[in-house]
Amino acid sequence: INELKFNNEYASLKQEKVRLLPVFENENKLNFIKKQLNDIEVETINIISPYFDKNGSIVQQLKSQYLNARINVVMDIQHGLLPHDLDTKGINIYDWSKVNENKENDLSRLHGKLISFEIKGDEEYILQGSSNATSAALGCDYKDSINQELNIWIHSTKKVTALNRLGINLNDDARVNLEDLKEKENQIHSSS
């Protein structure tokens with residue numbers, strides 16, 4: 001994996017280009033993303049993760065970097081670490097248990113991690129792998145990473161988005177507000 005840090009090229013698949021994207025300690029992978037998407041107008045950012053910093057630092061930085069983008073965040077409010085101090089203005093939050101059309105039972109927990117950047121014209125950039133949406137896992141302007149992670153960075157020209165391929169439907173019934181997050185966080189603290 002250390003060699004990948006210095007020799008990392010895209011592999012071309014049918015409608016996708018893929019490259020490995022490791023995260024080492026003391027890095028800021030949001031800077032990598034910013035460089036990759038430089039001068040590209042991002043329409044929608046979808047963030048799926050079971051764990052967040054309490055202030056949602058990754059979400060906040062992406063929101064400030066892409067002011068015109070719609071921001072959708074999918075989290076597991078039953079089992080995850082929630083961004084209960086997140087400024088949710090301009091951010092749509094969804095409960096994992098209500099958006100996953102493919103889940104087989106009510107005990108299905110969110111483990112996958114994905115950040116997708118939808119671009120006009122059926123293009124999409126996707127970060128997928130082991131990194132949660134935390135500064136420890138990805139690094140950001142507020143704090144560099146402390147974990148070592150392995151992700152892939154995908155440039156897709158498929159007509160169907162990653163969320164659609166995964167069977168994730170961001171419907172109004174699945175929306176969550178900040179008060180729900182704070183209440184859930186209070187329940188977790190009082191039970192422990």
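The values are calculated or read from the model by the stated rules, or taken from the named source; none is laboratory data. Please read these numbers as outputs of a predicted model, since none were measured by experiment. Note that we place each Cβ from the backbone using ideal geometry, even for glycine, and neighbour counts take in every protein chain shown. Accessible surface areas use protein heavy atoms only, side chains included; no ligands, DNA or RNA. Shrake-Rupley method; radii C 1.70, N 1.55, O 1.52, S 1.80 Å.
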Those residues of the range 49-65 which are open to solvent by 20 Å² or more (accessible area, probe 1.4 Å), part of a helix (DSSP H, G or I) and either touching a Cys at 6+ places or on another chain (Cβ under 9 Å) or among the basic types (Lys, Arg) (or both) amount to 60, 63
Residue among 95, 85, 76 that is modelled with pLDDT under 95, surrounded by fewer than 18 Cβ atoms within 10 Å (Cβ to Cβ) and acidic (Asp, Glu)
85
When both residues are 6+ apart or on different chains and their Cβ atoms are under 6 Å apart, which pairs have a first residue that lies in the range 54-65 and is among the small types (Gly, Ala, Ser), and a second that is modelled with pLDDT of 95 or more and in a helix (DSSP H, G or I)?
57/135
Residue match in the range 121-133 (condition: open to solvent by 70 Å² or more (accessible area, probe 1.4 Å) and within 16 Å of the chain's Cα centre (by Cα)):
yes
Looking at 68, 46, 38, which one is within 23 Å of residue 167 (Cβ to Cβ) and either outside any loop (DSSP other than H, G, I, E, B) or not aliphatic (A, V, I, L, M) (or both)?
46
Within the range 7-35, how many residues are surrounded by fewer than 16 Cβ atoms within 10 Å (Cβ to Cβ), out of contact with any His (no Cβ under 7 Å at 6 or more places or on another chain), of a type in the set (Lys, Arg) and not in a loop (DSSP other than H, G, I, E, B)?
3
May I ask you to verify whether residue 36 is at pLDDT 95 or above and over 21 Å from residue 159 (Cβ atoms)?
no
Does the range 44-56 include one or more residues that are of a type outside the set (Val, Ile, Thr) and in contact with a Lys or Arg (Cβ under 8 Å, 6 or more places away or on another chain)?
yes
Between a first residue in the range 155-179 that is farther than 25 Å from residue 123 by Cα and a second residue that is in a strand (DSSP E or B) and open to solvent by less than 70 Å² (accessible area, probe 1.4 Å), which pairs have beta carbons less than 7 Å apart while being 6 or more apart in sequence or on different chains?
174/94; 174/95; 175/92; 175/93; 175/94; 176/93; 176/94; 176/95
